[in-house]
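Below is one structure; the comments refer to it alone.
The values are calculated or read from the model by the stated rules, or taken from the named source; none is laboratory data. Here the structure is a predicted model, which is why all the values come from computation and not from measurement. Here the Cβ positions follow ideal geometry from the backbone for every residue, glycine too, while neighbour counts run over all protein chains shown.
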Amino acid sequence: MRVSVQACIEGEGERPSRIITVGVIERDDEFAPSSGLGLFMSETKALLKQLQTVFVDEQVDRFFDVSAHCLSCQTPLGIKDTKRLVYRTVFGKASLRSSLYYSVCSTCGFCSGDKSTVSPLSHALAERVHPQWTWLQCRYASVMSYRLAQIYLRDAFAGGTELPSSSVKANVRAVGERLEKEAQRAKWAAAKATAPRNRPALTGLPVSLQIDAGYIKATRPLEGNRWIPVVVSKIFRPATPHTHAHAYASGPDPRQGLRQQAFLQSIGIGPEVPVTVLCDGGDDIGFACKLPWATARVLDWFHIGMKFEHLLMSLQGLQGADPYAKDDMRRCVIRAKWLLWHGQQGRCLERLEALRRDTGWAGPRNPSGRLVRYLRGCSKYLVNYQQRRAQGLPISSAGAESAVDYVVGQRMKRNGHMRWTREGANALLQVRCAALNGHDIGNFKRWYPPNGGVVREVAAATTS
C-alpha cells in the first residue's frame with residue numbers, strides 16, 4: 001500500500017494553483033494488524049513538519065509580495081541580499097527566506113525606511129518562536145520541572161527534538177517577566193484609582209482574601225538569608241466554585257497591598273465589593289495585608305487554635321505540678337479559648353495572665369508568654385469568631401495554606417532539592433498562577449491576536 005499526501009495551494013490573481021507532495025507512506029500488504037493500524041507518531045511528526053515547511057514558505061512569499069513595495073508608488077523594491085532566518089514552531093524549525101531590500105525606490109526615489117536597507121521579515125518577526133510553541137513550554141514547565149517538560153515536549157511534538165531545557169527555562173522566564181511588568185503597571189494604576197475620594201459605595205456579596213507565605217531555598221544567601229519568602233493569596237467568593245491564586249517573590253515592598261488590590265481588580269472584584277483579609281498576623285505578610293480598600297482584617301483562627309494546642313501540650317510536661325493542678329490549668333486554657341471564640345478577648349487575656357502566675361512562667365520566652373504576646377500584637381484583628389461562623393463567613397486561612405502547597409511546594413520545592421534566584425522564582429510564579437487560574441491562553445491571545453479568517457474558511461469548508 002502506498003499513500004501520497006499532497007498539499008494544494010490555490011492560486012490568487014496571477015499566481016497559479018500548485019500541488020506539492022508532502023510525503024509518501026508505504027505499508028506492506030501482508031502486515032500484521034497487531035503491530036498497529038494507522039499512522040505512527042514518527043510518521044505524523046514528519047508529515048506535519050513537511051506540511052509546516054510548505055505552508056510557511058507560501059506565507060513568507062505572499063508576505064513579501066505585500067510588504068516589499070515602495071510606500072509611495074508601490075513599485076517592487078530592489079533586492080540587495082537574501083539570508084535564511086530560523087523560526088521555531090511546534091512542528092520543528094523552519095528556515096525562512098529573509099530578503100534585504102534597498103529602501104530607496106529606483107523609480108520615484110522615495111525612501112521607505114530609516115536606513116539604506118530594510119528587512120521586512122526580520123522587522124515583522126521580533127520573536128523567532130511561534131507563540132503557541134512558547135505557550136506549550138510555559139504550560140508544561142509550570143506544572144513540572146524544566147527537564148521533565150523538555151522530555152515531554154520532545155516525545156510529543158516534532159519541535160521538541162531540538163529543544164534543550166535551557167531554552168524552555170529562558171522562554172518561561174521571558175513570559176514571566178512580561179507578566180511581572182504588567183502586574184507592576186496594574187499596581188501603579190491601582191494606586192491612582194484607590195484614592196479615598198474615588199471609593200464608591202459598598203454593594204454586592206462580601207469576599208475573603210486569604211494570605212499566607214511560603215519559603216523556597218535560594219541559590220546563594222540574600223541579605224544573610226538562604227530562604228526566599230513567597231507571598232501567596234487566594235480569593236474566595238460565595239457561590240463560586242472556581243477560586244483564583246496569586247503569588248510573587250518580589251522581596252520587601254511596602255506597596256504589596258496595592259498589588260493585592262490590582263489582583264482583585266484583574267478578576268473582576270472592584271472597589272465596591274466588601275473584602276475581608278484573613279491572615280496569621282506574621283511579619284512576612286504584613287505589607288501584603290494592607291489593601292487600600294479592604295473593609296476588614298481578621299486574624300486566622302487556625303493559627304490561634306494551634307498556639308492554644310501548643311500551650312496545652314506544654315502543660316502536660318510541666319514539672320513540679322501534680323496531676324490535679326495540671327487538670328485545672330488545662331481547663332483554664334480551654335475556657336480562655338472559649339472566651340476568645342466568642343469575642344471576649346479581654347477576659348481571655350486575663351485568664352492567660354492568671355495561668356502565667358500559676359505556672360511561674362515569666363517573660364515572653366515560654367508557651368504562655370508567646371501566646372499572650374501573639375494575641376496582644378494582633379488584638380485589633382480579633383473578632384467574634386462564633387458570630388462569623390454562624391453567618392457563614394470564613395474564619396480561617398486554610399485555603400491560603402493549601403495554595404502555598406500547590407502553587408509553591410509542588411513545583412518549586414521537590415523534597416527540598418531545588419534552588420532559586422528571586423527573579424527566576426518570581427517569573428515562574430507568574431506563569432504558574434496564570435496557568436492554574438486558566439488565564440494563560442487569554443494572555444497569549446491578548447499579546448498575539450489570532451487571525452480568525454483561516455478558521456472561518458476551514459469551518460465553512462467542513463460544514464459544506
Exercise. Go over the candidates G399, G392 one by one and state the one that is among the small types (G, A, S) and in a helix (DSSP H, G or I).
Key: G399
Exercise. Would you be able to say whether some residue in segment 185-205 is within 25 Å of G409 (Cα to Cα) and not in a loop (DSSP other than H, G, I, E, B)?
Key: no
Quiz prompt | So P229, is it surrounded by fewer than 22 Cβ atoms within 10 Å (Cβ to Cβ) and either modelled with pLDDT of 85 or more or assigned to a strand (DSSP E or B) (or both) | solution = yes
Quiz item: Among the numbered criteria (1) assigned by TED's automatic domain parsing to the domain that holds M41; (2) in a loop (DSSP other than H, G, I, E, B); (3) closer than 23 Å to L179 by Cβ, which single criterion is violated by L71?
Solution: (3)
Exercise. Filter segment 1-55 down to residues that are among the basic types (K, R) and modelled with pLDDT under 85 and give me whichever is nearest to F91 (Cα to Cα).
Key: R27
Practice problem: For segment 1-41, enumerate the residues that are part of a strand (DSSP E or B), out of contact with any Lys or Arg (no Cβ under 9 Å at 6 or more places or on another chain) and over 15 Å from F55 (Cα atoms). | Solution: S4
Self-check item: Pairs with Cβ under 8 Å, 6+ apart, first in segment 302-314 and within 13 Å of C332 (Cα to Cα) and touching a residue at least 40 places away in the same chain (Cβ under 8 Å), second assigned to a helix (DSSP H, G or I) and basic (K, R)
Solution: F308/K337
Quiz item: Out of the residues in segment 161-173 that are of a type outside the set (D, E, K, R) and surrounded by fewer than 15 Cβ atoms within 10 Å (Cβ to Cβ), which is modelled with the lowest pLDDT?
Solution: T161
Practice problem: Could you pull out the residue among L47, L85 that is in a helix (DSSP H, G or I) and either in contact with a strand residue (DSSP E or B) (Cβ under 7 Å, 6 or more places away or on another chain) or surrounded by 13 or more Cβ atoms within 10 Å (Cβ to Cβ) (or both)? | Solution: L47
Quiz item: Taking segment 277-291 as the region of interest, how many residues are in contact with a Lys or Arg (Cβ under 9 Å, 6 or more places away or on another chain) and surrounded by fewer than 21 Cβ atoms within 10 Å (Cβ to Cβ)?
Solution: 2
Practice problem: Return the residue satisfying two criteria in turn: it lies in segment 175-190 and is surrounded by fewer than 16 Cβ atoms within 10 Å (Cβ to Cβ) and more than 15 Å from the chain's Cα centre (by Cα), and of such residues it is modelled with the highest pLDDT. | Solution: R185
